[in-house]
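Comments concern the structure below.
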């Protein structure tokens with residue numbers, strides 16, 4: 001074989017040109033290199049091997065979104081960030097301009113890093129080459145949300161060249177439709193265009209009131225009204241913002257399908273009848289059908305119910321108005337959460353229960369669910385589920401804890417510890433980076449009971465129940481999956497003031513992102529469903545609008561200013 005200074009064996013280059021790309025792939029014989037240059041070592045954390053490509057890259061391939069492109073910058077070896085919609089990507093280049101690290105919530109992406117090959121090729125000198133790092137995943141199983149030690153190709157001395165510029169090209173993080181990734185609390189928020197409508201049950205597990213209120217929260221798309229439900233006491237409502245349908249569960253086994261300000265006329269019979277028999281009990285009451293959570297991605301509703309006196313779940317297919325077979329929990333204590341949640345991106349049911357067992361059910365095949373159990377030690381009882389579905393950060397408040405205690409865990413990027421680990425079994429178990437965090441200054445009626453996350457904002461809310469005016473706004477992590485223990489970074493507790501008093505079980509709370517300005521908004525309803533208050537959580541966490549000391553409002557009386565809340569009288 002000839003020396004490296006002699007003629008190299010020929011290789012073939014295949015170039016694909018498109019409207020948004022100009023990329024060349026090179027087939028190099030096994031064991032050979034291009035002029036002695038090579039891709040160099042794998043990444044530091046996850047050992048992803050780069051692929052070497054001679055040539056120049058300045059545009060992302062068609063079919064991908066350009067998160068970052070520094071090819072047009074004079075110095076393309078600098079740190080850059082991308083944030084749009086629910087997607088974030090933060091790239092950090094070290095002080096010497098040689099190594100790149102990143103954090104992201106994109107499920108699938110590629111990083112291209114071009115080096116300064118034997119001189120700055122912008123000045124007309126040196127060869128051109130780049131390394132390709134493929135992080136291929138799916139929304140249900142994202143690839144690595146972080147990595148370190150990415151670099152440009154190595155030269156003949158085996159050392160990577162300085163970064164000349166780099167591109168990050170990928171798929172946006174999945175966005176769940178409004179109303180999904182919300183627990184099966186009492187009321188729903190229907191976001192449609194610039195309007196927001198809320199459906200509110202008059203009843204509760206421990207109530208005999210009937211009917212459903214429908215009111216404008218933002219805009220004036222409807223005339224506020226009440227939908228009669230005969231003798232049925234409605235306890236929970238969830239809305240599919242894609243179809244405009246809402247599902248309402250009664251304390252018995254009746255399930256109503258709503259559309260607009262009445263029953264959906266296309267559904268017959270209406271109400272439907274689920275498989276519930278007997279009753280199951282919680283600290284806040286008993287029912288046959290206990291609540292409903294929405295999966296707008298798959299157009300299904302998750303029903304919590306009693307199956308012959310045993311707690312369990314049943315899916316309602318809203319495309320056909322038919323129920324799938326019910327299944328009982330495998331929680332060793334036999335309980336489900338007061339407010340379970342379905343994650344439509346990861347195909348998981350989250351069910352933290354009052355016996356302090358956190359059950360996660362894989363429902364990718366909803367007729368053959370897989371159960372994973374996890375005990376949690378708190379100063380109270382886990383009362384409801386909440387999740388930021390863009391990051392996979394889950395939380396569950398502990399009822400009767402004061403100050404509020406919240407279980408917070410990162411189930412994104414499952415794999416091996418310290419990441420989330422799901423161990424199969426009958427039932428299986430799960431572990432994840434987690435903690436039970438105490439929120440100083442958060443003192444709520446009956447303790448931290450209800451929780452909700454305004455999807456798309458990384459902002460959540462925690463409230464009490466059965467009285468009290470206080471609520472706690474929380475700032476959740478914006479990134480996840482790297483194995484670090486998640487934590488609520490900021491929180492503030494305020495009172496609503498006025499005559500408002502927090503409602504009954506299931507919890508009268510829901511949060512959403514406003515279509516008019518993007519703020520996180522919490523909706524709360526009092527006992528008897530005569531009054532609603534809409535609270536701007538974004539303003540609550542803004543110290544210039546709502547000043548706080550020790551995470552508690554320092555406004556007069558500790559109450560929210562009028563600029564941060566709106567009271568709505570219910571029909």
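For residue 425, the conditions (1) more than 19 Å from the chain's Cα centre (by Cα); (2) under 16 Å from residue 379 (Cα atoms) all hold with the exception of (2). For segment 123-148, the set of residues classified as farther than 22 Å from residue 55 by Cβ, buried (at least 17 other Cβ atoms within 10 Å of the Cβ) and at pLDDT 90 or above consists of 147 only. Do we have any residue at all in segment 493-500 that's closer than 23 Å to residue 236 by Cα and touching a strand residue (DSSP E or B) at 6+ places or on another chain (Cβ under 7 Å)? Among the residues of segment 493-500, at least one is closer than 23 Å to residue 236 by Cα and touching a strand residue (DSSP E or B) at 6+ places or on another chain (Cβ under 7 Å), which makes the answer yes.
Restricting attention to segment 338-358, the residues that are touching a residue at least 40 places away in the same chain (Cβ under 8 Å) and assigned to a strand (DSSP E or B) add up to 8. Scanning segment 69-89 for residues that are farther than 14 Å from residue 144 by Cβ, touching a residue at least 60 places away in the same chain (Cβ under 8 Å) and in a strand (DSSP E or B), we see that the one that is farthest from the chain's Cα centre (by Cα) is 69.
Being buried (at least 24 other Cβ atoms within 10 Å of the Cβ) and either at pLDDT below 95 or assigned to a loop (DSSP other than H, G, I, E, B) (or both) narrows it down to one of 189, 183, so name that one. When all the criteria are applied, what remains is 183.
The lone criterion from (1) at pLDDT 90 or above; (2) on the phi > 0 side of the Ramachandran plot left unmet by residue 76 is number (2). Take residue 317 and decide whether it is under 24 Å from the mean Cα position of the chain (by Cα) and free of Cβ contacts under 8 Å to residues at least 24 places away in the same chain. For residue 317, the condition - under 24 Å from the mean Cα position of the chain (by Cα) and free of Cβ contacts under 8 Å to residues at least 24 places away in the same chain - is met. Just one of (1) farther than 20 Å from residue 388 by Cα; (2) buried (at least 24 other Cβ atoms within 10 Å of the Cβ) fails for residue 512. It is (1).
With a requirement of 2 or more residues that are farther than 26 Å from residue 556 by Cβ and within 17 Å of the chain's Cα centre (by Cα), the strands (runs of 3 or more DSSP E) lying completely within segment 472-528 that satisfy it span 509-513.
The set of residues from segment 442-471 being closer than 22 Å to residue 485 by Cα and assigned to a loop (DSSP other than H, G, I, E, B) comprises 442, 448, 455, 456, 457, 458. Among residues of segment 190-201 that are more than 13 Å from residue 223 (Cα to Cα), those with a beta-carbon under 8 Å from a residue that is modelled with pLDDT under 95 at least six positions away or on a different chain give the pairs 190/178; 190/179; 191/178; 191/179.
Among the residues here, residue 238 does not qualify as surrounded by 21 or more Cβ atoms within 10 Å (Cβ to Cβ) and over 25 Å from the mean Cα position of the chain (by Cα).
All conditions but one from (1) in a loop (DSSP other than H, G, I, E, B); (2) modelled with pLDDT of 95 or more apply to residue 156; the one that does not is (2). Residues satisfying the criterion are present in segment 563-571 (criterion: surrounded by 20 or more Cβ atoms within 10 Å (Cβ to Cβ), out of contact with any helix residue (DSSP H, G or I) (no Cβ under 8 Å at 6 or more places or on another chain) and in a strand (DSSP E or B)). Considering segment 90-106, the residues that are in a loop (DSSP other than H, G, I, E, B) and closer than 27 Å to residue 155 by Cα include one that is farthest from the chain's Cα centre (by Cα), namely 96. Taking the numbered list (1) modelled with pLDDT of 95 or more; (2) surrounded by fewer than 22 Cβ atoms within 10 Å (Cβ to Cβ); (3) under 27 Å from residue 376 (Cβ atoms) in turn, residue 302 passes all entries but (2).
The values are calculated or read from the model by the stated rules, or taken from the named source; none is laboratory data. Model, not experiment: these values are computed from the prediction. Positions of Cβ are generated from backbone atoms using ideal geometry, with glycine treated the same way; all protein chains shown enter the neighbour counts.
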